[in-house]
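The values are calculated or read from the model by the stated rules, or taken from the named source; none is laboratory data. Since this is a predicted model, take the numbers as computed values, not measurements. As a convention, Cβ positions derive from the backbone with ideal geometry for all residues, glycine included, and neighbour counts pool all protein chains shown. These area figures cover heavy atoms from the full protein model, side chains too; ligands, DNA and RNA do not enter into them. Shrake-Rupley method; radii C 1.70, N 1.55, O 1.52, S 1.80 Å.
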Amino acid sequence: MNVVNVNITNGSYPINIEPGRLDSLDQIIPEDVTSIAIVTNSTVGILYGKKVRDVLLRTGKNVFYVELPDGEKYKDWITLNKIFDSLLSFKLDRRAVLVALGGGVIGDITGFAASVYMRGIRFIQVPTTLLAQVDSSVGGKTAINHPMGKNMIGSFYQPISVEIDTDVLTTLAPREISSGLAEVIKYGLILDSSFWEWCEDNVNNLLSLDKIAIEYAIKRSCELKSHVVGKDEKESDVRAILNLGHTFGHAIESGLGYGKWLHGEAVGCGLVQAAELSAYSIGFRESDISRIRNMVKSIGCPSNAPNFGFDRWIELMLLDKKNDSGEIRFVLMKNIGEAVIQNVSHNAIKHVITKTATAIF
Ligand code: NAD
Ligand code: GLY
């Protein structure tokens, strides 16, 4: 088993990564826990709900089950309240633990529920998409969406552990694998040029979910993310580099309507746009833009952004949470493996939008 520790100011927690990890979930429940509530959705519930419940029943504790509908549109206030209705009707007390079994939607809403139920109870992340295993389950960002913006209501609240079973990836749709791989290659681009080169060499192994390759990619991604979160848990400064490509990506997601492109697909395209912007603004190498474009295409993500028109692009990018006082802040690359955060000129943005946002939608 691979173990990565997330070390933050108020303590640390492990990310345990291994094939078949679901079978060991009973062993990580703390002794003093009174009861366990699994929170999942209808899709993941059918695939893995019974198995996880049976494993957790081995603890001898009460195990409850909360099944939510599947979809980003249910990461909302009404569904959050349904979780509270269930927890209260089960009479869960402050020593209960929530188990978030699912992708990023389930992880985010369950983490947020845990952070406010009875002023905060423990929770465990059991991420079942590649994107959730390499990104959303690690680092303690929890949230629901508001009609006026994605992830606008939330908290920083860390799980007590993250339990990653690489076997569950085999039931994922191919687009979900591509979406997760966009976040994997992002880590190489911002922090680790050797990991980026390893991804270039292993792209086919990653796409076919070769066991050794995918476990290494998840472990390295978790290490890199943990390192950043350890330095800046609440995104006061350096954590923002994790958002490379996301200013463009979020604009694509909200401009097209959430769900048309998956989050990672939009981020993949955003990585190409961020590379173009880095070349125009701080001299990132042209040949490296081609490497990034090729890689984004190889993992199955789009590399041409939608043509919303410049003014609409600006409007959409202004919604990003990274921005400050109405200025759009971008994560740029000096080189592959080295990211910086800065404001860029209007001309630079215009150049990139004109060059990259050409797809008719
Ligand atoms: P998701 O949770 O919607 O899951 C994608 C789809 O895969 C869903 O239909 C789900 O039911 C299904 N699924 C999950 N596991 C499966 C499995 N093993 N086999 C078959 N199907 C499975 O999407 P996601 O990409 O995992 O997460 C996206 C969400 O994560 C967004 O809401 C985004 O805002 C959030 N996010 C949060 C952070 C963070 O730091 N907290 C970071 C990135 C993204
Ligand atoms: N997904 C970006 C972050 O966790 O900060």
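With (1) closer than 25 Å to ASP26 by Cβ; (2) under 15 Å from the mean Cα position of the chain (by Cα); (3) away from ligand 2 (no atom under 16 Å from the Cβ) as the list, and ILE177 as the residue in question, which single condition is left unmet?
Condition not satisfied by ILE177: (1).
Return yes or no: is VAL33 at pLDDT 95 or above, under 16 Å from THR129 (Cβ atoms) and touching a strand residue (DSSP E or B) at 6+ places or on another chain (Cβ under 9 Å)?
Working: at pLDDT 95 or above: yes; under 16 Å from THR129 (Cβ atoms): no; touching a strand residue (DSSP E or B) at 6+ places or on another chain (Cβ under 9 Å): yes.
So VAL33 fails the test.
Given the structure, is LYS186 of a type in the set (Lys, Arg) and away from ligand 2 (no atom under 16 Å from the Cβ)?
Values: of a type in the set (Lys, Arg): yes; away from ligand 2 (no atom under 16 Å from the Cβ): no.
The answer is no for LYS186.
Go through the range 113-128 and count every residue that is farther than 18 Å from GLY140 by Cβ and surrounded by 19 or more Cβ atoms within 10 Å (Cβ to Cβ). Walk me through how you get there before you give the answer.
Taking the range 113-128 as the starting set, the residues that turn out to be farther than 18 Å from GLY140 by Cβ are 118, 128.
From the residues that got through so far, the ones that are surrounded by 19 or more Cβ atoms within 10 Å (Cβ to Cβ) too are 128.
Of the residues in that region, 1 qualify.
Out of all the residues in the range 122-141, is one or more over 24 Å from ASP54 (Cα atoms), within 16 Å of ligand 2 (Cβ to nearest atom) and assigned to a strand (DSSP E or B)?
Yes.
LEU319 fails exactly one of the following numbered conditions: (1) assigned to a loop (DSSP other than H, G, I, E, B); (2) buried (at least 19 other Cβ atoms within 10 Å of the Cβ); (3) not hydroxyl-bearing (Ser, Thr, Tyr). What is the number of that condition?
(2)
Can you name every residue in the range 251-267 that is in contact (Cβ under 8 Å) with a residue 40 or more places away in the chain and within 13 Å of the chain's Cα centre (by Cα)?
Passing the criteria: LEU262, HIS263, GLY264, GLU265, VAL267.
Considering only the range 129-141, state which residues are closer than 13 Å to GLN158 by Cβ and open to solvent by less than 10 Å² (accessible area, probe 1.4 Å).
Scanning the range 129-141 gives SER137, VAL138, GLY139, GLY140.
Are any of the residues in the range 96-112 farther than 20 Å from ALA143 by Cβ, part of a helix (DSSP H, G or I) and open to solvent by less than 30 Å² (accessible area, probe 1.4 Å)?
Looking through the range 96-112, none of the residues is farther than 20 Å from ALA143 by Cβ, part of a helix (DSSP H, G or I) and open to solvent by less than 30 Å² (accessible area, probe 1.4 Å).
State the number of residues belonging to the range 196-238 that are open to solvent by 60 Å² or more (accessible area, probe 1.4 Å) and within 13 Å of ligand 1 (Cβ to nearest atom).
Count: 1.
Quickly run through the range 239-292 and pick out the residues that are crowded, with 19+ Cβ neighbours inside 10 Å and polar (S, T, N, Q).
Matches in the range 239-292: ASN243, THR247, GLN273, SER278, SER281.
Can you spot a residue in the range 329-338 that is part of a helix (DSSP H, G or I) and either within 19 Å of the chain's Cα centre (by Cα) or not hydrophobic (A, V, I, L, M, F, W, C) (or both)?
no
Can you tell me which residue within the range 142-172, out of those that are near ligand 1 (Cβ under 8 Å from one of its atoms) and either assigned to a loop (DSSP other than H, G, I, E, B) or touching a residue at least 60 places away in the same chain (Cβ under 8 Å) (or both), is surrounded by the most Cβ atoms within 10 Å (Cβ to Cβ)?
This residue is VAL168.
Restricting to the range 334-361, name every residue that is of a type in the set (Gly, Ala, Ser) and touching a Pro at 6+ places or on another chain (Cβ under 8 Å).
The answer is ALA357, ALA359.
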